[in-house]
Amino acid sequence: AGDQMNPLGRDLWAKVREQFGNYRGQWEQRQLPAAASQLRSDLAGTLSRTIATLQQAYLDTPTVGNQKRIWEAWRLNARALVDALEIWRETIDDCRELDLDRLLPQLGPGLDTLGHRLERIGALWEARLAADDAPDTDDGPLLEALDLGLDHSACADLSHFDRAALMSFLGQLEILDRASREVLRTMGVLAGREPRWGFRVPSHVRDMFRP
């Protein structure tokens, strides 16, 4: 099952990056690409198959089973990331009449960082599979929490509904930010870039999605 998991994970992170690009385009261009709906279904299916294969790999693939604690953290945060991505999409619609560039001056750069982080996760997945080591990269900047620069003075004139929509948008981005940072941190360990002995599962991680 470990060998089957490798292409599934590659496909999973490619789909996550593509869907993130679709949803960012929804914010920037006020229109969601038609392919996003099918990709949403495909992404959910790929995630489910990857997790199911991971569970089997615990039993028949020693290199995976020996790192079960780390893979479990990956599983929880990968699922949280995909779920947060979808809920974030819904909050974008609620904010379509808001001037998010004014309310959140650092939103554009923050989304750039999220995109780079997702690319790095995919690169580390490939590095985990590579026979020889890929070049090391300092992931420190990508592991820093996003600061979107909420302009409180600009928010003062918002209606109660618009303020609630903005806070929901921000809240889902924060979950997406946190989950993607934890996946990146976990992939660093699985790819041999960070030591296993220093790995800790954060106390905020909760598995709310167990079947």
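The values are calculated or read from the model by the stated rules, or taken from the named source; none is laboratory data. Fair warning: this is a prediction, and the values are worked out from it, not measured in the lab. Cβ placement follows ideal geometry from the backbone for every residue including glycine, while neighbour counts extend to all protein chains displayed. Surface accessibility is based on the protein's heavy atoms, side chains included, excluding ligands, DNA and RNA. Shrake-Rupley method; radii C 1.70, N 1.55, O 1.52, S 1.80 Å.
A few points about this structure:
- The phi-based Karplus calculation (6.51 cos²θ - 1.76 cosθ + 1.60; θ = phi - 60°) puts the 3J(HN,Hα) values of the stretch 100-105 at 5, 5, 7, 6, 10, x Hz, whole numbers, x for Gly and Pro.
- Area accessible to solvent at Glu119, 1.4 Å probe radius, in Å²: 110
- Heavy-atom SASA rank of His152, His160 (probe 1.4 Å, accessible area, largest first): His160, His152
- Across every pair of non-identical alpha carbons in the stretch 1-92, the mean reciprocal distance, once inverted, gives a Kirkwood radius of 14.0 Å.
- For the chain, the carbon plus sulfur part of the accessible surface works out to 49%, probe radius 1.4 Å.
- Put simply, the amide H of Glu194, placed in the peptide plane, has neighbours under 5 Å in Val189, leaving out anything fewer than 5 places away on its chain.
- FRET efficiency for Leu32 and Ser159, using Cβ-Cβ distance with R0 set to 22 Å, rounded to 0.05: 0.35
- Efficiency of FRET from Cβ geometry, Glu97 and Glu174, R₀ 22 Å, rounded to 0.05: 0.50
- Calculated P(r) tail over 32 Å for the chain, as whole % of Cα pairs: 20
- Label-to-label distance for Arg49 and Asp147 is 4.3 nm, based on points extended 7 Å past Cα in the beta-carbon direction.
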